[in-house]
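> To start, I am sharing the structure in question, which I have written as structure tokens.
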Amino acid sequence: MRRIAFAAILALAASSPALADTLIDNVDGLTIDAKGGIERLTGLVIDNDGKITQVLHRGDKRPARTDYLVDGKGRVLMPGLIDAHAHVMDLGLATLTLDLSATTSLAEAQAKIAAYAAAHPDRQWIIGRGWNQEKWKLGRMPTATELDIVVKDKPVWLERVDGHAGWANSAALVAAKITALTKDPVGGRIERVAPGMAPAGVLVDKARGVIDALIPQPRPADRDVALAAAQELLLSHGVTAVADMGTSIEDWQAFRRAGDSGALRVRIMAYGAGIDAMTLIGGSAPGPWLYDDKLHLNGLKLLMDGALGSRGAWLKLPYTDSASTKGLPRLTPAQLRNLMSRAAMDNFQVAVHAIGDAANAAMLDAVGELSETYKGDRRWRIEHAQIVDPADITRFGKLGVIASMQPVHQTSDRTMAEARLGPTRLNGAYAWNSLSASGAKLAFGSDAPVEAPDPFAGLAAAISRQGPDNEPFGGWQPQERLPFSSALAAYTTGAAYAGFAESRFGRIAPGMRADFLFVDRDPTLSSPGEIRQSRVLEVWLGGRKVWTAAQPAD
């Protein structure tokens, strides 16, 4: 697989112009302008360094001479899209392990697990991800017994789609020494079987750690293959840059190996997975951009709570469908401030996962307090910001907090959100328009591999509040829809700003890296359903073509 990826890179390089002055002409182009609106263009000039020197509009005189001319043949050209929140290595590793994301029932998942185990008899553990009890309409979490039915002779550990819970069989629970006497860790929960309190098989948030520590870690060669697979998938969806949320030192070394060998084809803004990873990678400062702006350590990613699907999101009031819990805060207010301060004192950017309204409020409180000490352009980020108390929305704008959100989560999770919160607590749910109106900068992403890294699906969701089935009619909480220009900005200029990269990439303008796509339709003239069907034809990064779609058969 790795040899195939490198061969594809070399073939594309051979078919692209060498780095010299290049005129891309005869295009039906669009980008976000300096004021956040849509700017139309018909061509651009790229210099020796892969930067844009001139943007051409209808009627503009073309340069008298350039080294290369690329005829766009009237195709639609748009800026490369930025995924503001993804997990690059997890995305790639997911292609190498068991994927349950497409399963729609427990029985289907069991059949897939059994088939995978039979096909891989040499594996010491069966590892995978993607299950979702809500999608299965199970009404509860799956159990170890239901895994034992299909695989009993070796440990099985399967991550929930949101990454905040894991499903173990009995062999895995025994290997981790988890019994009825094992206490729930702070910030975690072991699902139990009444009345004896035996572990049921699902471990939520920090309770996962005991089994996670036992899982055989990928070798460096495995990470290299996974990174190549992740990049291919990102490029196929038009993603030219990504914020990697939770980078380990092993991930960083894989990124560096790719950069050193010329195989880094996507720009990566890394956020260390905790203080230890941040300091191992960056030392005492974020450091320079590497490989012509393809790799940079921005800062730190922290977790304030869990996810709605596993009832780990920290709420101000109890869950409507489980009145005994408000979720799982993973840090105390003091711990959150200490960790944020540790990063901020060395000028690392801080991004904090907060899904529930209590978690978002706690993060806003911390930013309000720490902003008195740490002045300057900090660009504090809240990742997800899914459920926000309406009373807290204005604080995003006042504090300059970036709302890093994932539009497809709303369409995937709306019925679950209704069940978890009830109808009276939804006004601050996935509140893109309200947050934007508060003055907060929006940055959109996918949370891949939780969702597919498809920004066109996200654009469609952002402007319609509807899923691929066009439901619900008129959109869910339609007052939170965005105009197309705002949605596109959140996937380009907003996402670049969120990563301190707005002077490097994110739009088609002089001085910016020449990152752009050719696509098969104009999204400004397309319905949400048509935008979802958009096909990426070519991807250019820094003035070079790095990906092209396979030609359809005649």
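> Filter the range 262-315 down to the residues that are touching a residue at least 24 places away in the same chain (Cβ under 8 Å), among the hydroxyl-bearing types (Ser, Thr, Tyr), more than 30 Å from LYS545 (Cα to Cα) and surrounded by fewer than 22 Cβ atoms within 10 Å (Cβ to Cβ) and list them by number. Even if it seems obvious, please write down each step before you answer.
First, the residues of the range 262-315 that are touching a residue at least 24 places away in the same chain (Cβ under 8 Å): 262-275, 277-278, 280-282, 284-286, 289-315.
Restricting the remaining residues to those that are among the hydroxyl-bearing types (Ser, Thr, Tyr) gives 271, 284, 291, 310.
Those still in the list that are more than 30 Å from LYS545 (Cα to Cα) too: 284, 310.
Hit for the range 262-315 is SER284, nothing else.
> Right, another one. Restricting to strands (runs of 3 or more DSSP E) lying wholly in the range 70-164: which have 2 or more residues that are out of contact with any Leu (no Cβ under 8 Å at 6 or more places or on another chain) and in contact (Cβ under 8 Å) with a residue 60 or more places away in the chain? Steps first, answer last, please.
On the way: elements: 76-79, 81-86, 126-131, 156-160.
Fully inside the range 70-164 and qualifying: 81-86.
> Here's another thing I want to ask about it. For the range 403-435, which positions are free of Cβ contacts under 8 Å to residues at least 12 places away in the same chain and not acidic (Asp, Glu)? Please lay out each step first, then the result.
Step one: filter the range 403-435 for residues free of Cβ contacts under 8 Å to residues at least 12 places away in the same chain, giving 418, 423-424.
Once the filter is applied, which keeps residues that are free of Cβ contacts under 8 Å to residues at least 12 places away in the same chain and not acidic (Asp, Glu), the range 403-435 yields PRO423, THR424.
> Report the residue count in the range 345-379 for those that are under 15 Å from GLY272 (Cα atoms) and either within 23 Å of the chain's Cα centre (by Cα) or polar (S, T, N, Q) (or both). Steps first, please.
Step one: filter the range 345-379 for residues under 15 Å from GLY272 (Cα atoms), giving 346-353.
Applying the additional criterion that residues be either within 23 Å of the chain's Cα centre (by Cα) or polar (S, T, N, Q) (or both) yields 347-353.
Counting residues in the range 345-379 that are under 15 Å from GLY272 (Cα atoms) and either within 23 Å of the chain's Cα centre (by Cα) or polar (S, T, N, Q) (or both) gives 7.
> Report yes if PRO142 is farther than 14 Å from VAL204 by Cβ, of a type outside the set (Gly, Ala, Ser) and modelled with pLDDT of 95 or more, otherwise no. Working first, answer last.
On the way: farther than 14 Å from VAL204 by Cβ: no; of a type outside the set (Gly, Ala, Ser): yes; modelled with pLDDT of 95 or more: yes.
Taking the combined requirement at face value, the residue does not satisfy it.
> With the checklist (1) in a helix (DSSP H, G or I); (2) surrounded by fewer than 23 Cβ atoms within 10 Å (Cβ to Cβ); (3) not acidic (Asp, Glu) in hand, flag the one item PHE255 doesn't pass.
(2)
> Something else: Hey, among the residues in the range 509-525 that are in contact (Cβ under 8 Å) with a residue 12 or more places away in the chain and farther than 15 Å from THR492 by Cβ, which one's surrounded by the most Cβ atoms within 10 Å (Cβ to Cβ)?
At the first step, the residues of the range 509-525 found to be in contact (Cβ under 8 Å) with a residue 12 or more places away in the chain are 509-524.
With the extra rule that they be farther than 15 Å from THR492 by Cβ, the set shrinks to 510-511, 518, 520-522.
Values: PRO510: 12, GLY511: 10, PHE518: 24, ASP520: 12, ARG521: 15, ASP522: 17.
Here the answer is PHE518.
> Could you please find all residues in the range 443-468 being more than 29 Å from ALA229 (Cβ to Cβ) and not basic (Lys, Arg)? Give the derivation first.
Going through the range 443-468, the residues more than 29 Å from ALA229 (Cβ to Cβ) turn out to be 463-466.
Result: ILE463, SER464, GLN466.
> Given the residues ASP276, ASP260, ASP305, which is the only one that is of a type in the set (D, E, K, R) and part of a loop (DSSP other than H, G, I, E, B)? Please lay out each step first, then the result.
On the way: ASP276 fails: part of a loop (DSSP other than H, G, I, E, B); ASP260 fails: part of a loop (DSSP other than H, G, I, E, B).
None of the other options fit; the residue is ASP305.
> While we're on this one: Considering only the range 438-453, I want to know if a residue exists there that is under 22 Å from the mean Cα position of the chain (by Cα), assigned to a helix (DSSP H, G or I) and either at pLDDT below 95 or not charged (D, E, K, R) (or both).
Taking the range 438-453 and keeping what is under 22 Å from the mean Cα position of the chain (by Cα), we get 440-453.
Of the ones still in play, those that are also assigned to a helix (DSSP H, G or I) are none.
Checking the range 438-453: not a single residue is under 22 Å from the mean Cα position of the chain (by Cα), assigned to a helix (DSSP H, G or I) and either at pLDDT below 95 or not charged (D, E, K, R) (or both).
> Can you tell me which residue in the range 507-525 is farthest from ALA487 (Cα to Cα), limited to those that are under 23 Å from the mean Cα position of the chain (by Cα) and among the basic types (Lys, Arg)?
The selected residue is ARG513.
> Quick check on the range 526-544: of everything there that is more than 24 Å from the chain's Cα centre (by Cα) and either at positive phi or part of a strand (DSSP E or B) (or both), which residue is surrounded by the fewest Cβ atoms within 10 Å (Cβ to Cβ)?
Applying the first criterion (more than 24 Å from the chain's Cα centre (by Cα)) to the range 526-544 yields 526-527, 543-544.
Remaining after also requiring either at positive phi or part of a strand (DSSP E or B) (or both): 543-544.
On the way: GLY543: 27, ARG544: 20.
Here the answer is ARG544.
> If you don't mind, there's one more thing I want to ask. Consider only pairs whose beta carbons are under 8 Å apart and that are at least six residues apart or on different chains; among these, list those whose first residue lies in the range 330-353 and is more than 22 Å from ASP447 (Cα to Cα) and surrounded by fewer than 23 Cβ atoms within 10 Å (Cβ to Cβ) and whose second residue is of a type in the set (Phe, Trp, Tyr) and at pLDDT 95 or above.
Sorted first by the residue in the range 330-353, then by its partner, the pairs are SER341/TYR374; ALA344/TYR374; MET345/TYR374.
The values are calculated or read from the model by the stated rules, or taken from the named source; none is laboratory data. Computed from a prediction, not measured in an experiment: that's the story for all the values here. Counting neighbours? That spans all protein chains shown, and the Cβs are built from the backbone with ideal geometry, glycine included.
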